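Structure record follows, encoded as structure tokens.
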Amino acid sequence: MHLLCLLSRSSQRSILLKRLGYFIFLCRHDCKNKILVAQHPLLVVSNQTATLVCNYTYNGTGKEFRASLHKGTDSSVEVCFISWNVTNIRSNSTKEFNCQGDHDKDKVIFNLWNMNANQTDIYFCKIEVMYPPPYVYNEKSNGTVIHVKETPIQIQEPQSTIPLWILATVTGILALYSMLITAGFFNYWQKSKKRLYHQSDYMNMTPRHPPYKNKGYPSYAPTRDYTAYRSWQP
């Protein structure tokens, strides 16, 4: 009876050791292929251009990778992606975004341009090991909030289609014409002023009618003042 108890205990121990060894093997395998991603929490865009950097760590044996940028809390919109292996890099973007991906050692860089305020959202990086198996991808990170500021609308004044030299010539001609008109008017005014001045210097030569009519003089002749001749009498 005692021997049976010892045998049962030893068999249980062996089972536990086997399970523990399998668990350790799985843990080592998972820890080796695990991908960790770190992102900056906030990115403010004021010139419609953003650069989002996804830092990652991976200690596995993968040879072919794929990294993608996703928009929204549920990561429902894939903005762009980049795939690479030992010899080749390929990048692609959706029609709604202008995005270009690049890989540099332990980080993936996504460059976005011509962004607008409607594209303000949270963005997540996803990195996958495509080959060789097993397929591995990172857990969802905290993401990066990209805040795109609105750009002020600049109203451009309509440009004239007439060349500047034509405008300058026409302006000069009009200015010369106005100066000639002003000079002519001034000259006419000076002549009129002199004419009125000379007319005011003449005496009123209207003939005086005598109070009585002499037969020896016509009715329109002025009367003589004989007192002017008295000084000549003896």
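When you check Asp106 against the structure, is it over 30 Å from Ile153 (Cβ atoms) and either open to solvent by 90 Å² or more (accessible area, probe 1.4 Å) or in contact with a helix residue (DSSP H, G or I) (Cβ under 9 Å, 6 or more places away or on another chain) (or both), yes or no? Taking the combined requirement at face value, the residue satisfies it. Can you spot a residue in the range 85-96 that is crowded, with 18+ Cβ neighbours inside 10 Å, of a type in the set (Gly, Ala, Ser) and touching a residue at least 24 places away in the same chain (Cβ under 8 Å)? Checking the range 85-96: not a single residue is crowded, with 18+ Cβ neighbours inside 10 Å, of a type in the set (Gly, Ala, Ser) and touching a residue at least 24 places away in the same chain (Cβ under 8 Å).
Do we find that Leu69 is at pLDDT 95 or above, of a type outside the set (Asp, Glu) and surrounded by fewer than 16 Cβ atoms within 10 Å (Cβ to Cβ) in this structure? No. Checked against the criterion of being under 30 Å from His40 (Cα atoms), at pLDDT 90 or above and surrounded by 10 or more Cβ atoms within 10 Å (Cβ to Cβ), the range 150-160 contains not a single residue that satisfies it.
If the condition is being hydroxyl-bearing (Ser, Thr, Tyr) and exposed (fewer than 12 other Cβ atoms within 10 Å of the Cβ), then the range 117-140 contributes Tyr131, Tyr135.
The values are calculated or read from the model by the stated rules, or taken from the named source; none is laboratory data. Because the structure is predicted, anything quoted here is derived from the model rather than measured. So basically every Cβ, Gly included, is an ideal-geometry build from the backbone, and we count neighbours across all protein chains shown. The area values use the complete protein model at the heavy-atom level, side chains included, leaving out ligands, DNA and RNA. Shrake-Rupley method; radii C 1.70, N 1.55, O 1.52, S 1.80 Å.
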